[in-house]
Amino acid sequence: MTKYDLIEKLSREADLPLKKADKLVTHIFREMSEALARGERVEIRGFGSFKIKHYDGYLGVNPKTLEAVEVRPKKLPFFKCGLELKRRINSDKV
């Protein structure tokens, strides 16, 4: 499913104009992104949660040249699947 598929489905099921559904979906994603950028956790009950994981820097090796390369510390988003979603994915019924 793409963002556009989600917008179309919301538009149909909520009987909204496509532009309004697009604004709603875009706003929700923007708010989630901004919360993560502030270091906050985003939780959607029954679906899962998003958080930022911090990774320390380390000394790596360039596989092509075998030279040592310093990898800087970084932050990456991490998604943890909710129990309800896990059950739905693993059930035989969809």
What is the distance in Å between the Cα centres of the stretch 1-28 and the stretch 43-94? 27
Determine which lysines satisfy two conditions relative to K19: a Cα distance under 22 Å, and not lying fewer than 8 residues away in the same chain. K3, K9
What residues have an amide H closer than 5 Å to that of G48, excluding those fewer than 5 places away on the same chain, when H is modeled at 1.01 Å from N in the peptide plane? G82
Net charge of Cβ neighbours under 13 Å - reference I7; Lys, Arg +1; Asp, Glu -1: +2
Shape call, the chain: gyration tensor on alpha carbons, a/c limit 1.5: prolate
Phi angles of the stretch 34-47, converted by Karplus (6.51 cos²θ - 1.76 cosθ + 1.60, θ = phi - 60°) into ³J(HN,Hα) in whole Hz with x for Gly and Pro, give 5, 4, 5, 5, 7, x, 7, 8, 10, 10, 10, 3, x, 10
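Values in this text are rule-based calculations from the coordinates and carry no lab data. These numbers were taken from a predicted model, which means no experiment stands behind them. Virtual Cβ from ideal backbone geometry, glycine too; neighbours counted across all protein chains shown.
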